[in-house]
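Notes to accompany the following structure.
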Amino acid sequence: MDFHPTAGRPMSDAEAAAEAKRIMDASFRTEQPGHFPTSYRDHSPVPAYGDTPPVPQPDHRIVPAWAAGIAVASIGVGAGVTGIGCGAWLVLQGLASVSLAGVLMVTLPFAGLAMAATAIGGAINRARSAVTKNVNVYEGPVTMRTDITSNSTTRGMFFARTRNDIHH
């Protein structure tokens with residue numbers, strides 16, 4: 001017995017109880033099949049040789065190609081930065097084990113070259129100054145001009161552009 005309420009009229013308590021009992025009985029009916037197949041296996045024999053019909057293999061990529069490219073590039077950048085970090089760690093480990101004797105041994109050749117270059121430069125400077133006795137004497141009036149003309153133009157309110165023209 002199906003109950004169809006009339007539109008606009010509320011159900012009485014007896015009608016509501018009868019409708020609820022009908023819905024409960026229909027929901028928990030035991031004659032419904034308990035097993036539904038969730039997969040299918042084709043047991044037809046595959047040919048031993050020859051042409052086999054094509055099987056559609058749709059391409060369902062999770063990530064677009066551009067995103068995969070960015071991911072590969074970021075892995076490369078990360079590996080490069082890791083290499084730079086390892087190199088810096090090695091340099092800093094070497095600097096951490098520096099002693100005074102080691103510093104002196106490393107800088108001694110550079111200090112010797114600097115002393116030799118200074119001595120040679122001083123000797124060349126003295127040799128030049130001994131030979132050259134050039135004295136310049138200027139005679140005559142000296143005129144000094146300090147005329148500066150400046151033109152400044154500003155245009156715009158929020159993104160103003162200023163142009164300065166300076167003429168000497």
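The values are calculated or read from the model by the stated rules, or taken from the named source; none is laboratory data. Keep in mind that what you see is a predicted model, and the values were worked out from it rather than measured. Positions of Cβ are backbone-derived with ideal geometry, glycine not excepted, and every protein chain shown enters the neighbour counts. With ligands, DNA and RNA removed, areas are computed over all heavy atoms of the protein, side chains included. Shrake-Rupley method; radii C 1.70, N 1.55, O 1.52, S 1.80 Å.
For q values of 0.09, 0.20 Å⁻¹, compute log₁₀ I(q)/I(0) with the Debye formula on a Cα-only model of the chain, without solvent. Normalising to I(0) and taking log10 leaves -1.05, -1.39.
Over what distance in Å are the Cα centres of region 79-125 and region 48-66 separated? After rounding, the separation between the Cα centres reads 62 Å.
Put simply, when 79-87, 141-149 are sorted by average Cβ atoms within 10 angstrom per residue, most first, you get 79-87, 141-149.
Share of carbon and sulfur in the accessible area of the chain stands at 64%, probe radius 1.4 Å.
Put simply, when 54-65, 15-26, 151-162 are sorted by average Cβ atoms within 10 angstrom per residue, most first, you get 15-26, 151-162, 54-65. Accessible surface for region 72-154, divided over its residues, is 91 Å² per residue with a 1.4 Å probe.
Using helices alone, what [θ] at 222 nm do you get for the chain, with -39,500 (n - 2.57) per DSSP H run of 4 or more residues, divided over all residues and rounded to the nearest 500? Counting only the DSSP helices, I get -17000 deg cm²/dmol. Compared with the dominant Cα axis of the chain, that is its longest principal axis, helix 13-27 is turned about 70°.
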